[in-house]
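This report concerns only the one structure given below.
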Amino acid sequence: SQHWLATGRASPRLVLVVVFVALLLDNILLTVVVPIVPTFLYTTEYEGANSSVSSALPEPTPAAPRAPPFSPVLSSFDNTTVELLNGTGSSTPGHPPSTPQTPPGGCLEGGEFLAQENTRVGLLFASKALVQLLVNPWVGLLTNRIGYHIPMFIGFTIMFLSTVMFAFSGTYTLLLIARALQGVGSSFSSVAGLGLLASVYPDDSERGSAMGIALGGLALGVLIGAPFGSIMYEFVGKASPFLVLAFLALLDGALQLCILQPSRISPESTKATPLSTLLRDPYILVAAGALCFSNMGVAMLEPTLPIWMLQTMCSPQWQLGMPFLPASISYLIGTNLFGILANRMGRWLCSMIGMAVVGISLLCVPLATNIYGLIGPNAGLGFAIGMVDSSMMPIMGYLVDLRHTSAYGTVYAIADVAFCMGFAIGPSTGGAIVRALGFPWLMVIIGVLNMAYAPLCCLLRSPPATEEKM
């Protein structure tokens, strides 16, 4: 076993497996809450308040006429209070049926609550990225001093605590704290993981393929998260998906202990370029902007699309995570396919086409009238973001090799900051824009923004080396 461990610690492929699993679990937790939080808050706050008011009302007298049958599209979130039997409603003992204030479209009542919830859910989702945004630069500096192994293990520990907290949080405040804690753990895992990959794969072509596979872990996490969360929450309960993830996180920690030796300090062999110098490099900023704006589109969809589906499509709870399924499958295909192809066709061209397709896909989302109409736009969105991510992540390492010193912690902290800015600005502003202008206009704004930014990727076609004039 000691010989196997020694061989494994020297193998770049096993390092790739460790990074893949860490990104996988991080992004399952990132998206598993997408279908759970809006319905959980609706159930505990809106319906909870209404049921307490209803229970204070006097019992109806026996002579009262029988209430007309309920609409068959009553709330699907409180199955303990109302049952729909053959198209007629029957209430459980002790809870007299209240007159449903169902709007003419037959969707959920409480339209004003849902409108306000857009903002609250957006802030909750954005809190993870905001915290990650603040922590990333410090993690980049830490990896330059002590290496990547210890920060990776710190990330696992914090992610495990966050997952357990999600399982047992019953209020909006506790969910917000758990989400912010996840941002800290995710910062350690992402920055250290991508920097570790860049260091063990010095060849640019191999690095691009490895980054594509690692981002496939991110894609698989997003793919599994939302449908897994919606189904487990509907049929097992709120805590169940998080307890499963906590168990898988323990397995990831054991894998890291075996492969990475997180007790060993191994600083970078070359002195890292200062963060301020990298932030003044226009080519790094262009690559970071492409990561930010392309991911901002899906970040705006996460809190707003489920609520828009509740309001316009009257979707049952288990369907709310399903539109993200085609996006995740196509992202998984895109990252693995273009991790290899992007180097051949030109990563700048691959990224430019990807951003244009992101914009077109977002413009098509509001045209859907049912869940099936969301399949095409979301699949195009996921595939296009996969093109951008699998192109820009290797370019970040290449730019540091070409124009600075080959220490990767700081530049991947910048890449992760760009990624997080998309996921911070997107949900936090998306809810406010939906409330002011409506969901279709939100998609138009972010779609046009991506299409306008795409031509800037031409600047990355042949960036000059350090000794050349910019």
task: Take the solvent-accessible surface of the protein heavy atoms, probe 1.4 Å, and return the percent of it on the range 302-423 that carbon and sulfur atoms account for.
output: 72 percent
- request: Rank these by accessible area, largest first, 1.4 Å probe: 338, 247, 235.
  value: 235, 247, 338
message: Suppose accessible area is computed on protein heavy atoms with a 1.4 Å probe; arrange 302, 206 from highest to lowest.
response: 206, 302
query: Can you give the FRET efficiency for residue 444 and residue 285, using 1/(1 + (r/R0)^6), R0 = 30 Å, r = Cβ-Cβ distance, to the nearest 0.05?
result: 0.70
query: Among 410, 277, what's the order by accessible area (1.4 angstrom probe), most exposed first?
result: 277, 410
Rel. contact order, % - alpha carbon contacts under 8 angstrom, at least six apart, the range 154-302: 26 percent
message: For a Förster distance of 25 Å, can you work out the FRET efficiency between the beta-carbons of residue 243 and residue 157, rounded to the nearest 0.05?
response: 0.90
statement: Placing each pseudo-label 7 Å from Cα in the direction of the beta carbon, residue 367 and residue 251 end up separated by a distance in nanometres of 4.2 nm
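The values are calculated or read from the model by the stated rules, or taken from the named source; none is laboratory data. What you are looking at is a predicted structure, and each value in this text was computed from that prediction instead of being measured. Don't worry about glycine lacking a Cβ; one is built from the backbone with ideal geometry, like all the others, and counts go over all protein chains shown. The protein model used for the area step is the full one, side chains on, heavy atoms only, and it has no ligands, DNA or RNA in it. Shrake-Rupley method; radii C 1.70, N 1.55, O 1.52, S 1.80 Å.
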